[in-house]
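Enquirer: Dumping the structure here so I can ask a few things about it.
The values are calculated or read from the model by the stated rules, or taken from the named source; none is laboratory data. Quantities reported herein were computed from a predicted structural model and do not represent experimental measurements. Cβ sites come from the backbone with ideal geometry, for glycine too, and all protein chains shown count toward neighbours.
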Amino acid sequence: MRRTPLYPWHVSLGARMVGFGGWEMPVQVTGIIDEHHSTRRAAGLFDTCHMGEIRLRGPGAAGTLARVLTRPVSDLAVGQGRYAMMCAEDGTVIDDTITFRLGDEDFWVVVNAATREDDVGWIESYAIGACDVDDESDATAKLDLQGPAASIVLGLLCEAPADLACIRRFGIVDGIVAGIPARIARAGYTGEDGFEVFCDPSRVVDLAGAIHEAGESHDLAVCGLGARDTLRLEAGLPLYGHELSRNRPAHASGMGWAIDLNARFVGRDHLAAAPAEILVAFRMQGRRAAREGDRILPAAGGDPIGTVSSGSFCPTLGVAAGLAYIEPAHAEAGTPVAVDSRGKSLPARIEKKPLYKRGHAA
Amino acid sequence: MVEVPDDLLYSKDHEWVRIEGKTATVGITDYAQQQLGDLTHVELPDPGDHFNQFDEVSVIDSVKASSDIYTPISGTVTEVNSALSNRPEAINTDPYGDGWIFRMEIVEEPEEGSLLSPAAYDHLIDSDDE
C-alpha cells in the first residue's frame, strides 16, 4: 500500500490509518463527527496527496480533452477550472475530474487516486494533434483546506496572491504559502468554501504544519477521509466507485449540467435515452444508517425500486441519510420509501439534492 | 491505551460480559469502540427476547459502518440500556460502564472455553493490531 508524504504526520497526530484506493490514509484523526462539525463551523484540513494530476500540453490538448470529457474546456479562461466526467464508449463513467486551464495550451486534470493510471492510458489513447500527456501525480502533493474560516487561515500564510478574493470558485493561481511555492485552487469536496493547495511533495509536511498552526486559533481540525465522506454526502457530491462507476451511465448521476450533449465526446451516443435509475438523496427517519447495497422498496411494500449507493449518519443533519439510485417513477422528492437493511425495514424519504447547502439551515 | 478490565469475560467478537449470579451484563469492549469510532445508533433487543450464545442480538452503527452484536451468553433479555437511544456515544466514553447494552437472565452457563479471559482477550487484540 502506498503512503503520502504526510503519513508520519498523521501518525504523530494519532490518526487511525486505513486502506483507500491502494493508499494508506487517515480515516479519522480525533473523531469523524468532531472533524465534520469543525469543517462546517470553522475549517478542516485534509490530506489529498493521493489524488492524481494529469497535465496535457500542446496544440492538441484542448481537442484531446474535448474527446474524453463530458463537456469541453476549450472556452475556459486561463486560471479557471471545470468539473466533468470521463466516459467509456458505452457511456459509463471512467472517472470524474476537475480540469484547470493553466495556459492557452496547458491543462491540468485532477483525478481520483484509484483511477489515475487508467485515466492516463485512456487520455493517451484518444490524444489528437500534438499533445503531451504527463502524469504529474507523484510530483504533486495536495492539501484541501475547507470551511468558512478557510480563506482566513490561508490568508494568514499567503504571500502571493495578496488577496485570496481574487480566486473565484474553480479558479486557480500560482502563489506562495508560508514561503512554499504553491498552486491554489478555490474548490473542494465538502459543500463549504475552501481551497485545494498543490505543492512539491518535499514541502507538504511544512505546508500542512504551517496551516495547522495558523488554524489553531480558528478552531481548525485536521480531518480524515471519514469526515470527508460525511461532508460530501450531505453536500450531494458523488464519490467515484459508489455513485459513479463503470456500471451506470454518466447521466444517471443527475449531473446533466456537467454533460454537454452537443459536444462530441466518447460515450455521448449512449447518453441520449433516459436512464433506468437516477441518483437521488434520501433521509432516514432515525439515526440508523442505510448502507451501500441496501435495497429500497416502496413504503407500501412491493418489489425493490432502487439501491443505496452511499449511506451514513450525517452529523449536520442529525439523522442518517444518503444517496441512492432509484427508478424515475419513485424519484420525486417527498416520496416515502423503505430501506431493507440487515433484515430490517427502515422508513426513509426521497429528498432533493443536496441535503445540505451552505448558508441554509439543514 | 486499550482498557481490558480483569473482572470480565470476553468474546472473540469483542463483546464483554459481566456475570453476577444469574445476571449477565453485556457491552462492547474498549478496543471495539476504538476501532468503530464515533457511534451513532444502537438497535436494542426487546426485553423477553431469548438468544442462544453467539446469536445476533442487535446492530450497532458508527459513522463508517454497521456491525452486528452477538450475545456472549445464552439467556433471556431482562433489561436494555435505553439511554443509548439518545446517547450512543456513551459506548465511546464509557464502554464498560454507562455504555452497557443489555442484561440477560442466564439460562445456561457458557461452555468451558467458549469465552476468553482478560489475558486471552488482551492477546487477541494484540495480534489483531499486527
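Enquirer: Given the residues A:ALA273, A:ALA348, which is the only one that is farther than 21 Å from A:ASP90 by Cα and out of contact with any Pro (no Cβ under 6 Å at 6 or more places or on another chain)? Talk me through it step by step, then tell me what you get.
Expert: Values: A:ALA273 fails: farther than 21 Å from A:ASP90 by Cα.
None of the others qualify; the one that does is A:ALA348.
Enquirer: Quick one: is A:GLY52 surrounded by fewer than 21 Cβ atoms within 10 Å (Cβ to Cβ), more than 23 Å from A:GLU216 (Cβ to Cβ) and away from every other protein chain (no Cβ under 14 Å)?
Expert: Details: surrounded by fewer than 21 Cβ atoms within 10 Å (Cβ to Cβ): no; more than 23 Å from A:GLU216 (Cβ to Cβ): yes; away from every other protein chain (no Cβ under 14 Å): yes.
Considered against the rule, which asks whether it is surrounded by fewer than 21 Cβ atoms within 10 Å (Cβ to Cβ), more than 23 Å from A:GLU216 (Cβ to Cβ) and away from every other protein chain (no Cβ under 14 Å), A:GLY52 comes out as no.
Enquirer: Next question, about the same structure. Can you find, within segment A:116-171, the residue that is farthest from A:MET25 (Cα to Cα) among those that are β-branched (Val, Ile, Thr) and crowded, with 20+ Cβ neighbours inside 10 Å? Steps first, answer last, please.
Expert: First pass over segment A:116-171, keeping only residues β-branched (Val, Ile, Thr): A:120, A:123, A:128, A:133, A:140, A:152-153, A:167.
Checking the rest, the ones that are also crowded, with 20+ Cβ neighbours inside 10 Å come to A:123, A:133, A:140, A:153, A:167.
Details: A:ILE123: 27, A:VAL133: 27, A:THR140: 17, A:VAL153: 24, A:ILE167: 29 Å.
Top of the filtered list is A:ILE167.
Enquirer: Any idea which of (1) in contact (Cβ under 8 Å) with a residue 12 or more places away in the chain; (2) away from chain A (no Cβ under 14 Å); (3) closer than 19 Å to B:LEU116 by Cβ is the one B:HIS50 doesn't satisfy?
Expert: B:HIS50 satisfies all of (1) in contact (Cβ under 8 Å) with a residue 12 or more places away in the chain; (2) away from chain A (no Cβ under 14 Å); (3) closer than 19 Å to B:LEU116 by Cβ except (3).
Enquirer: May I ask you to list the residues in segment A:276-335 that are in contact with a helix residue (DSSP H, G or I) (Cβ under 6 Å, 6 or more places away or on another chain) and part of a strand (DSSP E or B)?
Expert: Residues satisfying the conditions are A:ILE278, A:LEU279, A:SER310, A:SER312, A:CYS314.
Enquirer: Under the condition of being of a type in the set (D, E, K, R) and surrounded by fewer than 21 Cβ atoms within 10 Å (Cβ to Cβ), which residue from segment A:172-186 is nearest to A:VAL205 (Cα to Cα)?
Expert: Step one: of segment A:172-186, the residues of a type in the set (D, E, K, R) are A:174, A:183, A:186.
Among the residues that remain, those that are also surrounded by fewer than 21 Cβ atoms within 10 Å (Cβ to Cβ) are: A:174, A:183.
Working: A:ASP174: 19, A:ARG183: 16 Å.
Among those that are of a type in the set (D, E, K, R) and surrounded by fewer than 21 Cβ atoms within 10 Å (Cβ to Cβ), it is A:ARG183.
Enquirer: Report yes if B:PRO72 is over 30 Å from A:ASP34 (Cα atoms), in a loop (DSSP other than H, G, I, E, B), under 15 Å from the mean Cα position of the chain (by Cα) and more than 14 Å from chain A (Cβ to nearest Cβ), otherwise no.
Expert: Details: over 30 Å from A:ASP34 (Cα atoms): yes; in a loop (DSSP other than H, G, I, E, B): yes; under 15 Å from the mean Cα position of the chain (by Cα): yes; more than 14 Å from chain A (Cβ to nearest Cβ): yes.
It is true that B:PRO72 is over 30 Å from A:ASP34 (Cα atoms), in a loop (DSSP other than H, G, I, E, B), under 15 Å from the mean Cα position of the chain (by Cα) and more than 14 Å from chain A (Cβ to nearest Cβ).
Enquirer: Given the residues B:ASP30, B:ASP61, which is the only one that is closer than 25 Å to A:THR230 by Cα, touching a Ser or Thr at 6+ places or on another chain (Cβ under 6 Å) and surrounded by 18 or more Cβ atoms within 10 Å (Cβ to Cβ)? Steps first, answer last, please.
Expert: On the way: B:ASP30 fails: touching a Ser or Thr at 6+ places or on another chain (Cβ under 6 Å).
The unique qualifying residue is B:ASP61.
Enquirer: Here is a further query. Among A:ALA272, A:ALA263, which is the only one that is over 21 Å from A:ILE98 (Cα atoms), surrounded by fewer than 20 Cβ atoms within 10 Å (Cβ to Cβ) and not acidic (Asp, Glu)?
Expert: On the way: A:ALA263 fails: over 21 Å from A:ILE98 (Cα atoms).
Only one candidate passes the filter, namely A:ALA272.
The rows are residues; the columns are (1) in contact with a strand residue (DSSP E or B) (Cβ under 6 Å, 6 or more places away or on another chain); (2) more than 20 Å from A:GLY293 (Cβ to Cβ); (3) polar (S, T, N, Q); (4) within 14 Å of another protein chain (Cβ to nearest Cβ).
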residue: A:GLY318; (1), (2), (3), (4): no, yes, no, yes
residue: A:ALA321; (1), (2), (3), (4): yes, no, no, yes
residue: A:TYR325; (1), (2), (3), (4): yes, no, no, no
residue: A:ALA329; (1), (2), (3), (4): no, yes, no, no
residue: A:GLU332; (1), (2), (3), (4): no, yes, no, no
residue: A:VAL339; (1), (2), (3), (4): yes, no, no, yes
residue: A:LYS344; (1), (2), (3), (4): no, no, no, yes
residue: A:LYS352; (1), (2), (3), (4): no, yes, no, no
residue: A:LYS357; (1), (2), (3), (4): no, yes, no, no
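Enquirer: Those residues that are under 12 Å from A:ALA43 (Cβ atoms) and without any contact (Cβ under 8 Å) to a residue 40 or more places away in the chain, I need them from segment A:112-166; list them, please.
Expert: Result: A:GLY155, single match.
Enquirer: If you check A:ARG288 against the conditions, is it within 14 Å of another protein chain (Cβ to nearest Cβ), without any contact (Cβ under 8 Å) to a residue 60 or more places away in the chain and of a type in the set (D, E, K, R)? Explain how you work it out, then say what you get.
Expert: Numbers: within 14 Å of another protein chain (Cβ to nearest Cβ): yes; without any contact (Cβ under 8 Å) to a residue 60 or more places away in the chain: yes; of a type in the set (D, E, K, R): yes.
Against the criterion (within 14 Å of another protein chain (Cβ to nearest Cβ), without any contact (Cβ under 8 Å) to a residue 60 or more places away in the chain and of a type in the set (D, E, K, R)), A:ARG288 qualifies.
Enquirer: What is the number of the single condition among (1) surrounded by fewer than 21 Cβ atoms within 10 Å (Cβ to Cβ); (2) within 13 Å of chain A (Cβ to nearest Cβ); (3) not β-branched (Val, Ile, Thr) that B:ASP13 does not meet?
Expert: (2)
Enquirer: Moving on to the next point. Select, from A:LEU164, A:LEU207, A:LEU157, A:LEU244, the only residue that is outside the structural domain of A:PHE313 (by TED's automatic domain parsing), at pLDDT 95 or above and within 30 Å of A:ARG283 (Cα to Cα). Steps first, answer last, please.
Expert: Details: A:LEU164 fails: within 30 Å of A:ARG283 (Cα to Cα); A:LEU207 fails: within 30 Å of A:ARG283 (Cα to Cα); A:LEU157 fails: within 30 Å of A:ARG283 (Cα to Cα).
Criteria check complete, one pass: A:LEU244.
Enquirer: Condition (residue is out of contact with any Phe, Trp or Tyr (no Cβ under 9 Å at 6 or more places or on another chain), in a helix (DSSP H, G or I) and among the β-branched types (Val, Ile, Thr)) applied to segment B:101-108: is it met by at least one residue? Quick ask: steps written out before the conclusion?
Expert: At the first step, the residues of segment B:101-108 found to be out of contact with any Phe, Trp or Tyr (no Cβ under 9 Å at 6 or more places or on another chain) are B:101-103, B:105-108.
Now narrow it down to the ones that are in a helix (DSSP H, G or I): none.
There is no residue in segment B:101-108 that is out of contact with any Phe, Trp or Tyr (no Cβ under 9 Å at 6 or more places or on another chain), in a helix (DSSP H, G or I) and among the β-branched types (Val, Ile, Thr).
Enquirer: On the basis of being within 22 Å of A:PRO249 (Cα to Cα), surrounded by 13 or more Cβ atoms within 10 Å (Cβ to Cβ), over 26 Å from the mean Cα position of the chain (by Cα) and modelled with pLDDT of 95 or more, does A:PRO304 make the cut?
Expert: Working: within 22 Å of A:PRO249 (Cα to Cα): yes; surrounded by 13 or more Cβ atoms within 10 Å (Cβ to Cβ): yes; over 26 Å from the mean Cα position of the chain (by Cα): yes; modelled with pLDDT of 95 or more: yes.
It is true that A:PRO304 is within 22 Å of A:PRO249 (Cα to Cα), surrounded by 13 or more Cβ atoms within 10 Å (Cβ to Cβ), over 26 Å from the mean Cα position of the chain (by Cα) and modelled with pLDDT of 95 or more.
Enquirer: Take segment A:1-41 and flag every residue that is away from every other protein chain (no Cβ under 12 Å), among the hydrophobic types (A, V, I, L, M, F, W, C) and crowded, with 20+ Cβ neighbours inside 10 Å.
Expert: Answer for segment A:1-41, where residues must be away from every other protein chain (no Cβ under 12 Å), among the hydrophobic types (A, V, I, L, M, F, W, C) and crowded, with 20+ Cβ neighbours inside 10 Å: A:LEU6, A:TRP23, A:MET25.
Enquirer: Still on this structure, I have one more. Across segment A:11-59, which residue is nearest to A:ALA227 (Cα to Cα) among those that are of a type outside the set (Ser, Thr, Tyr) and without any contact (Cβ under 8 Å) to a residue 60 or more places away in the chain?
Expert: Of segment A:11-59, the ones of a type outside the set (Ser, Thr, Tyr) are A:11, A:13-29, A:31-37, A:40-47, A:49-59.
Narrowing the set further to residues that are without any contact (Cβ under 8 Å) to a residue 60 or more places away in the chain leaves A:11, A:14, A:17, A:19, A:24, A:31.
Details: A:VAL11: 17, A:GLY14: 16, A:MET17: 14, A:GLY19: 15, A:GLU24: 16, A:GLY31: 8 Å.
Filtering first and then ranking leaves A:GLY31.
Enquirer: Do you know which residues across segment A:170-194 are within 14 Å of A:GLY79 (Cα to Cα) and among the aromatic types (Phe, Trp, Tyr)?
Expert: Listed by number, the list holds a single entry, A:PHE170.
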